[in-house]
Ligand SMILES: Nc1ncnc2c1ncn2[C@@H]1O[C@H](COP(=O)(O)OP(=O)(O)O)[C@@H](O)[C@H]1O
Ligand SMILES: [Mg+2]
């Protein structure tokens, strides 16, 4: 095991009724890096994220986070105790609440029932929310209902929620779907800004975006890791070109 | 329209409706006379039951079809406590009990009776909640199981005749005696009204706390709440128990207002009715629960006289109409109604996008 790894997947697999969606994946992500996972539709990217965040139970293999075995812990403890935050593919937000309320819900702090009973909504650290609103460029929409926002803005709200969680590891599943080229670029800059003290894993389709943010790129195909390396190296890899870039 | 501006409008309207209801209820005895005042006191106890349904269903999205179980248990424990505090009740004597069973001794102390009338249903709900709400059982199955529990409770109370009076129930229950001697009809009315106001304030507080926000998040998108780190089952069990305690208080007040209890108070029918009051009034805003309960019970008084059993059909028809045309209930529709600027309703209107 790599000592410096923040997240370490060891030979991870899962079957859905005999279909192996993730097949013997081993992967190691260093603290502070931005890792991009690319691959054709159905390659198993989202399923891999489901395994890391315990949305799906792992059948084979183990997952370590900061050297601790987190295999098959409950999803809420993965988020609360270990600090792994996740943005789902396609925005998954609280549409009937305002932008500010979405962030307040995600804001780090006590998740206990009684503590929250005795805490009023307005006592939440406004400063933290203000900072996040600036980062996701939605300061002007803080009191809008999230359901009234555009698709791209909803994506940003969800990125903001993950930031509010103060996660050590942030996993973003296709954060730029439905965004204009301009919004996609801004999202790339957001991700670059949030890495460093945090570690980011992001799955993506847009190769310009990958070029913008990537340090290490992992290419998945049919549940397996096909290649891993820097952007230039990956984009020159003939097999990657064959299964993915040419498609 | 901004979320905050809309929230303020809803707040003002709700405060207005609440003030009207409160004024009506507070002044009702002046015009109504003793009998009708006593009838409305009974309905005010049911208002607390409706509020408990709203905590669970409106706030959190858990639809229990067995909310009469904690209500009925509260009512029965209050009834037994009241009776045994004055010796061995007649119905027990009928079944050959000459000495009070040890388990009933604590109930002879009125204060202990009150505490147990709340604590026992709350504890039972904790056990049921832990089994039912910890993730394995979902959606409609939760409702079905709570309904089965209500059925079991009714059967059990029917069969445990020695202690519950069986299908005859328990009568001869005195009104509450918070100051040492039993209250008059009017005193009891205002006592129950004060309890209902406190229950409303309590539910309102929960709704405005950060806990209330988390409950709303669980209702709207449970999965998302899990992945930002909330242990959802803790929240569900907590509100399930709090709601049961509130229902038990309602049951206790109901028993001591009506002076008698029968197995129906734990049953599926009352459980379902309580859900209908909230659905018709509108869930999630408390005022809907209060108004729905008062209006449907009031209409029942009025209509049952000439409709007879057809009243039940009428309730079904009202429910269907509301569900189809006002999914947020009557109060929900009133709170959200916007006569001006229909264009603002268009999607994305006024948003920053
Ligand atoms: N819960 C599930 N049940 C059955 N099949 C699934 C499930 N989740 C994903 N799959 C399948 O696993 C494969 C990988 O899907 P996914 O991880 O969503 O791919 P990607 O995110 O790379 O597009 C797909 O063939 C998909 O149909
Ligand atoms: Mg995917």
Could you please let me know if residue A:21 is assigned by TED's automatic domain parsing to the domain that holds residue A:202, within 11 Å of ligand 1 (Cβ to nearest atom), in contact with a helix residue (DSSP H, G or I) (Cβ under 7 Å, 6 or more places away or on another chain) and closer than 20 Å to residue A:227 by Cβ? yes
So residue A:102, is it within 14 Å of another protein chain (Cβ to nearest Cβ), within 30 Å of residue B:208 (Cα to Cα) and within 16 Å of ligand 2 (Cβ to nearest atom): no
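Does residue A:44 satisfy being within 16 Å of ligand 2 (Cβ to nearest atom), surrounded by 15 or more Cβ atoms within 10 Å (Cβ to Cβ) and outside the structural domain of residue A:139 (by TED's automatic domain parsing)? If you could, list the steps in order and put the result at the bottom.
Working: within 16 Å of ligand 2 (Cβ to nearest atom): yes; surrounded by 15 or more Cβ atoms within 10 Å (Cβ to Cβ): yes; outside the structural domain of residue A:139 (by TED's automatic domain parsing): yes.
Yes: the conditions hold for residue A:44.
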Among the numbered criteria (1) within 16 Å of ligand 1 (Cβ to nearest atom); (2) not in a strand (DSSP E or B), which one does residue A:171 miss? (2)
For the range A:189-197, indicate whether the set of residues that are surrounded by fewer than 18 Cβ atoms within 10 Å (Cβ to Cβ) and within 13 Å of chain B (Cβ to nearest Cβ) is non-empty. no
Output yes when any residue across the range A:53-67 is within 16 Å of ligand 2 (Cβ to nearest atom) and within 29 Å of residue A:189 (Cα to Cα), and no when none is. yes
Determine if the range A:87-96 includes at least one residue that is within 16 Å of ligand 1 (Cβ to nearest atom), more than 28 Å from residue A:243 (Cα to Cα) and either touching a strand residue (DSSP E or B) at 6+ places or on another chain (Cβ under 9 Å) or at the interface with chain B (Cβ under 9 Å from one of its Cβ atoms) (or both). yes
In the range A:129-160, which residues are at the interface with chain B (Cβ under 8 Å from one of its Cβ atoms) and in a loop (DSSP other than H, G, I, E, B)? A:138, A:143, A:144, A:149, A:150
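Please count how many residues of the range A:196-229 are under 18 Å from residue A:25 (Cβ atoms) and in contact (Cβ under 8 Å) with a residue 24 or more places away in the chain. I'd like the intermediate steps shown before the answer.
Going through the range A:196-229, the residues under 18 Å from residue A:25 (Cβ atoms) turn out to be A:199, A:201-204, A:216-229.
Right, trim to in contact (Cβ under 8 Å) with a residue 24 or more places away in the chain and you get A:199, A:201-204, A:216-226, A:228.
Within the range A:196-229, residues that are under 18 Å from residue A:25 (Cβ atoms) and in contact (Cβ under 8 Å) with a residue 24 or more places away in the chain number 17.
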Out of the residues in the range A:168-185 meeting the condition of being surrounded by fewer than 17 Cβ atoms within 10 Å (Cβ to Cβ) and either over 14 Å from the mean Cα position of the chain (by Cα) or away from ligand 2 (no atom under 16 Å from the Cβ) (or both), tell me which one is nearest to residue A:233 (Cα to Cα). A:185
So, in the range A:4-41, exactly how many residues are free of Cβ contacts under 8 Å to residues at least 12 places away in the same chain and more than 16 Å from ligand 2 (Cβ to nearest atom)? 2
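For residues that are on the phi > 0 side of the Ramachandran plot and surrounded by 15 or more Cβ atoms within 10 Å (Cβ to Cβ), tally how many sit in the range A:47-83. Can you show your working first?
To start, the set of residues in the range A:47-83 that are on the phi > 0 side of the Ramachandran plot comprises A:54, A:61, A:66-67, A:72, A:83.
Remaining after also requiring surrounded by 15 or more Cβ atoms within 10 Å (Cβ to Cβ): A:54, A:61, A:83.
Counting residues in the range A:47-83 that are on the phi > 0 side of the Ramachandran plot and surrounded by 15 or more Cβ atoms within 10 Å (Cβ to Cβ) gives 3.
The values are calculated or read from the model by the stated rules, or taken from the named source; none is laboratory data. Keep in mind that this is a model prediction, so the values were computed, not measured. As a convention, Cβ positions derive from the backbone with ideal geometry for all residues, glycine included, and neighbour counts pool all protein chains shown.
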